[in-house]
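Okay, so here's the structure we're looking at.
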Amino acid sequence: MCYMDMNKKIICFLIVCIWFMQQPAAQQTFSVGNKWGLKNAGGKVIVKPFYDAIYFPFSEGLVAVSLNRKQGYMNKAGVVTIPLKYTEAQGFSQGLAPVNIDADYENDIPGKWGFIDRTGKTVIPFVYDYALGFSENLAAVRLGEKWGYINRKNEIMIPFGFDDAQHFSCGLAPVLLPPAEGSLAGEWVYINTQGKTMIRNGYDEAKPFREGVAIVVKNDNWGLIDSTGKEILPLKYTYIEDMMNGIAYAFDGMNDYLVSRSGLVKKITEPEAEKRKQRKSRNRP
C-alpha cells in the first residue's frame, strides 16, 4: 500500500510538471538587433522593438523599460505611465518600487535610492545606498555598508546591522551576520519581522522563501528547508532553481531532478532535460 501511494504521488507530480511547462507566457519580450519589444501569447506585437531593455516580467501591471540609459515604466498596453528618468528601476510590490535617480556607474557614482508609487510620486526620499522592494510591509535598505528594514512610512523597523539582507516571505528573511571574531566570512540566518533570529545553521548562503521552501547552501552543497528550518531536501546538490508552481529543478553534478515542496524527487531523463534547456533559452529576455 505504501508503494502504491508513492507511485500515485509521483504520477500526479509529473502530470502537474508537464502541464505547467506547457503553459504559454501571457506576454513575452523579443528582440530585433539590439532593441527589445513586447508581444502577447498569440504572437501579436504590442510594442515594436524600441527599448534597450525590458525588465520582464510585469509586476502590479507595470514593467521597467530602458532607453538611452534612462528607465521608466510602461503598462501591459505598451503605454509609458512613468517617464524614463531614473538610472535604475526595480519592480513594484505592495504599491511601491525602489528607484535610483542620480547614479553614474561609468564614473563610479552609485547615486541614492528611494521609492515611488504607481503614479510616479516619490513617497520615500532618495537617501539610501541600495534598496529592495517591499514584502510583508518591510523593505531591506542599505545605509553605508549596513542593511536594515524600513516600513512604508520610512520608519526603521529593524536596525542597520547586517552585511546583506533579502526580502521577507513566510514571515522570515535571510540576512548576513557580520563575521565573528577570528572568522573571514559571516553567516546567513533567517530573522522574523521583529528582527529575532529564527533559523541558524551555519549557512554560507540563504535565499528567501518561495512557496514555503528556501534554498540554502553550506560548503557548496545546496538543499531546501521549510519555514521551521527543517531540511526537506538534503544539502547534497550542486545547484537548485527557485520553486515555481510547486516544482523546483535540482542538479547534482551528473543528473537533473524534479523536486516537489515535500521533497519528492524524480530524475529527469536526458531528452526531458534538453527540452527544458531549449525552453529556457527561448523565454530568456
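The values are calculated or read from the model by the stated rules, or taken from the named source; none is laboratory data. Please read all numbers here as calculations on a predicted model, not as lab measurements. Cβ atoms come from the backbone with ideal geometry, glycine included; neighbour counts cover every protein chain shown.
Give the number of residues within the range 84-107 that are part of a strand (DSSP E or B), at pLDDT 95 or above and farther than 16 Å from Gly72 by Cβ. Residues that pass the stated criteria total 1. For the range 182-196, a tally of residues being exposed (fewer than 12 other Cβ atoms within 10 Å of the Cβ) and within 14 Å of Gln166 (Cβ to Cβ) returns 0.
Consider Thr269 carefully, then state whether it is surrounded by fewer than 16 Cβ atoms within 10 Å (Cβ to Cβ), farther than 19 Å from Asp204 by Cβ and at pLDDT 85 or above.
On the way: surrounded by fewer than 16 Cβ atoms within 10 Å (Cβ to Cβ): yes; farther than 19 Å from Asp204 by Cβ: yes; at pLDDT 85 or above: no.
It is false that Thr269 is surrounded by fewer than 16 Cβ atoms within 10 Å (Cβ to Cβ), farther than 19 Å from Asp204 by Cβ and at pLDDT 85 or above.
Filtering Phe126, Phe134, Phe160, Phe209 for residues that are within 24 Å of Gly246 (Cβ to Cβ) and not β-branched (Val, Ile, Thr) leaves a single hit, Phe209. For the range 95-126, which positions are surrounded by 16 or more Cβ atoms within 10 Å (Cβ to Cβ) and at positive phi? Listed by number, the list holds a single entry, Gly111. For Ala165, the requirement of being modelled with pLDDT of 95 or more, buried (at least 16 other Cβ atoms within 10 Å of the Cβ) and touching a His at 6+ places or on another chain (Cβ under 9 Å) is not met.
Candidates Gln28, Gln71: the one that is in contact with a Leu (Cβ under 9 Å, 6 or more places away or on another chain), at pLDDT below 95 and part of a strand (DSSP E or B) is Gln28.
Looking at Lys48, is it in contact with a Pro (Cβ under 9 Å, 6 or more places away or on another chain), surrounded by 11 or more Cβ atoms within 10 Å (Cβ to Cβ) and modelled with pLDDT of 90 or more? Let's see the steps before the verdict.
Details: in contact with a Pro (Cβ under 9 Å, 6 or more places away or on another chain): no; surrounded by 11 or more Cβ atoms within 10 Å (Cβ to Cβ): yes; modelled with pLDDT of 90 or more: yes.
Judged against the criteria, Lys48 is not a match.
Could you list, in sequence order, the residues of the range 214-262 that are of a type in the set (S, T, N, Q) and within 21 Å of Ala185 (Cβ to Cβ)? Give the steps one after another, and end with the answer.
Looking only at the range 214-262, we keep the residues that are of a type in the set (S, T, N, Q), and these are 219, 221, 227-228, 238, 245, 255, 260, 262.
The answer is Asn219, Asn221, Thr238.
Of everything in the range 153-204 that is of a type in the set (Gly, Ala, Ser) and without any contact (Cβ under 8 Å) to a residue 12 or more places away in the chain, the residue that is nearest to Leu132 (Cα to Cα) is Ala180. Within the range 45-57, residues that are on the phi < 0 side of the Ramachandran plot and in contact (Cβ under 8 Å) with a residue 40 or more places away in the chain reach no partner that is among the charged types (D, E, K, R) and part of a loop (DSSP other than H, G, I, E, B) with beta carbons closer than 9 Å at six or more positions or on different chains.
Output yes when any residue across the range 108-120 is among the polar types (S, T, N, Q) and either outside any strand (DSSP E or B) or touching a Lys or Arg at 6+ places or on another chain (Cβ under 7 Å) (or both), and no when none is.
yes
Residues in the range 209-238 that are in contact (Cβ under 8 Å) with a residue 24 or more places away in the chain and surrounded by 19 or more Cβ atoms within 10 Å (Cβ to Cβ): Phe209, Val213, Ala214, Ile215, Val216, Trp222, Leu224, Ile225, Leu233. With respect to Met243, is the statement that it is at pLDDT below 95, of a type outside the set (S, T, N, Q) and crowded, with 17+ Cβ neighbours inside 10 Å true? Here the answer is yes, as Met243 does meet what is asked.
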